[in-house]
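The values are calculated or read from the model by the stated rules, or taken from the named source; none is laboratory data. Values in this document were obtained by computation on a predicted structure and should not be read as measured data. For neighbour counting, all protein chains shown are included, and Cβ atoms are generated from backbone atoms with ideal geometry for every residue, glycine included.
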């Protein structure tokens, strides 16, 4: 086994599975092009082949040298300490990964579940909006419950969750909660301080982008969030 | 003499028009500011301003973008040095030594070096650009076809494969991820949909601005939180200790080498400042007597990459104006400005709109000179950003990145893509992969595939035909030699030098 650890084998297996998936999917667009005899799939397949070779090369490196860096000076030059930080914070175990990916499911659940429910109970228009608000509230509750148990997982999830809800709830309604959430995850616990900083950040951003540069930010598409967003834009512009 | 007269005419035209002066200084300050604010970049500003240039004259529109280009490339160095967040990919090598310098309390010195070298590299590049535009454009038109550009992309990727990753293989895997992401969307020859997973959004491909913001700005926030969680996060130390003249004179060869590298990388379409910065840094390591000190806060690392990337800015205008080929993201937006005014960049611009060309050249020259003065003043203000605790800076960076990603196309899915890129970047970084490699692969992937297809059509699908063209053959052979040397080192080198 040389210096191989289970993590190395999992890493190589993930790469090879990805290559296999991409290769199989390439048959979906494996079409001839009259003026180009290699067709549409030759270039991506060449990349896939190189990816598989590099993944096997990486496995060989792990077998021979374990986690040591290559002797390339540049590779050492770019060590930003993120690997050590992960290891020392015990954020590299199977349990941590399971918990983190569990949290990361939340935004995708928001993107899918309301439409599924609406399709099952045949609801349209305002009914779908109500389902979205209820699903969002439940998912936010789940997120807050698990947040304290895995702060890094929560930090990875929060921005994606924020982005997933942006279309429906709008920037103006979500941004205050997002700012407070990020500050909380970074360890800030003083409520008055958090509220002041939130208003300061939001005020500066709205002044610069909405008032001065006229950047149209998403206002949401559900009542009352759409009304709040539109009102702020009207007041500022 | 003609060039000097044209330059004077351009200067007079630029400074005799109050609106022109206003746009010029707006571009200088805006480029620096957006380059320097963590989470946004000159590309964000350019994307925001692009629709408004329809109301400006073509001269003012192109001039504004070229000024933002010069000062924004410098501004991106500030975030690279202070926060390890490169404002743009071309500032990534600046962070290699700039950020360790900040952690050692030498932020002022690193930023000061970036100011002086950006101004120097950019100004010299502008002067050469003005003197040599015509002959170089003529040479490039005759000597550089798709096979040469493809060979150059291959050479660039082969050289850059070792940059930023823990191992050679992880460096290549990072670049290959970028190349694969660039495949998503329509194929450049037949317009066939690839890896779109039946999602209309993916038909236009994954946009590079949200991806860059995610991989660099967002993943950095996640890494900082993890460092905080294990208690190793240290607020950077403050100082405003600029480098002395003797320190800069001691690096004169590094500056000269980087100007040459930067100019030649910049002049070649599709390569631009990113590869210039990486190659400038790489060559500095190769030529140094103390290569082990790189990456730990060596001034020469900052000097080399910042001189090279600004030297590339002036040169990047040559393929844009002479051939109509954008060298990077911002020059691609300039093509958009031309098109909004029903103009096509290319040789005809030189013939029909010489005024426009020389106003742009003069503006770029003065923008680079102004980096020296405005940069020093602004640096002292920006350095105070370090006094803000990270728990307050983090939400601001994330929201600025949100606005930046959304402003490009007005799509919330771009914001989702950006944050997902941040999550992926976080996991890849902690596993020793290179986010800079991914971004390089993403940017060069489309150009690489397109030029490969054109090159193969030109040589009637006989790959040996590529070697009948001297420049193509030379670049391909050097690229292969670099690759084989790295693979040989991986398999046959007995013990890696891990302690530097």
Revision key, fill the gap. When segment B:429-454 is checked residue by residue, the ones that are within 20 Å of residue B:150 (Cβ to Cβ) and surrounded by fewer than 22 Cβ atoms within 10 Å (Cβ to Cβ) are B:446, B:450, B:454
Check your understanding: If you go through segment B:19-56 one residue at a time, how many are farther than 23 Å from residue B:377 by Cβ, away from chain A (no Cβ under 14 Å) and without any contact (Cβ under 8 Å) to a residue 40 or more places away in the chain?
Key -> 1
**Study point:** Matching option when the condition is within 8 Å of another protein chain (Cβ to nearest Cβ), within 30 Å of residue B:454 (Cα to Cα) and buried (at least 16 other Cβ atoms within 10 Å of the Cβ), among A:29, A:23
**Key:** A:29
Study note, to complete from the structure: Of those in segment B:462-479 that are at pLDDT 90 or above and within 30 Å of residue A:69 (Cα to Cα), the residue farthest from the other protein chains (Cβ to nearest Cβ) is B:477
Study note, to complete from the structure: Among residues of segment B:237-262 being assigned to a loop (DSSP other than H, G, I, E, B) and surrounded by 21 or more Cβ atoms within 10 Å (Cβ to Cβ), the residue modelled with the lowest pLDDT is B:243
Review point. For segment A:6-15, which residues satisfy the criterion of being in contact with a helix residue (DSSP H, G or I) (Cβ under 6 Å, 6 or more places away or on another chain) and either at pLDDT 90 or above or loosely packed, with under 13 Cβ neighbours inside 10 Å (or both)?
Key: A:12, A:15
Review point. Has segment B:168-177 got at least one residue that is facing chain A (nearest Cβ under 9 Å), free of Cβ contacts under 8 Å to residues at least 40 places away in the same chain and either farther than 29 Å from residue A:30 by Cα or surrounded by fewer than 19 Cβ atoms within 10 Å (Cβ to Cβ) (or both)?
Key: no
Revision key, fill the gap. Sole miss for residue A:20 among (1) within 30 Å of residue B:287 (Cβ to Cβ); (2) modelled with pLDDT of 95 or more is condition (1)
Practice item. Quick one: which helices (runs of 4 or more DSSP H) lie wholly within segment B:69-163 and hold at least 2 residues that are out of contact with any helix residue (DSSP H, G or I) (no Cβ under 8 Å at 6 or more places or on another chain), surrounded by fewer than 24 Cβ atoms within 10 Å (Cβ to Cβ) and at pLDDT below 80? Key: B:107-143
Practice item. Residues being more than 7 Å from chain A (Cβ to nearest Cβ) and out of contact with any helix residue (DSSP H, G or I) (no Cβ under 6 Å at 6 or more places or on another chain): count how many of those fall in segment B:401-415. Key: 2
Check your understanding: Hey, residue A:188 hits all of (1) closer than 13 Å to residue A:232 by Cα; (2) within 7 Å of chain B (Cβ to nearest Cβ) but one; which does it fall short on?
Key -> (1)
Point to revise | Checking residue B:486 against (1) more than 8 Å from chain A (Cβ to nearest Cβ); (2) under 25 Å from residue A:53 (Cα atoms); (3) surrounded by fewer than 22 Cβ atoms within 10 Å (Cβ to Cβ), the condition it does not meet | key: (1)
Check your understanding: Is it fair to say residue B:425 is within 12 Å of chain A (Cβ to nearest Cβ), outside any loop (DSSP other than H, G, I, E, B), surrounded by 24 or more Cβ atoms within 10 Å (Cβ to Cβ) and in contact (Cβ under 8 Å) with a residue 12 or more places away in the chain?
Key -> yes
Practice item. Within segment A:35-42, identify whether any single residue is under 20 Å from residue B:174 (Cα atoms), modelled with pLDDT of 90 or more, more than 7 Å from every other protein chain (Cβ to nearest Cβ) and within 30 Å of the chain's Cα centre (by Cα), and answer yes or no. Key: no
**Study point:** Where residue A:164 falls short, out of the listed (1) in contact (Cβ under 8 Å) with a residue 60 or more places away in the chain; (2) at the interface with another protein chain (Cβ under 10 Å from one of its Cβ atoms)
**Key:** (1)
Point to revise | Residue under evaluation residue B:433, criteria (1) free of Cβ contacts under 8 Å to residues at least 60 places away in the same chain; (2) not in a helix (DSSP H, G or I), criterion not met | key: (1)
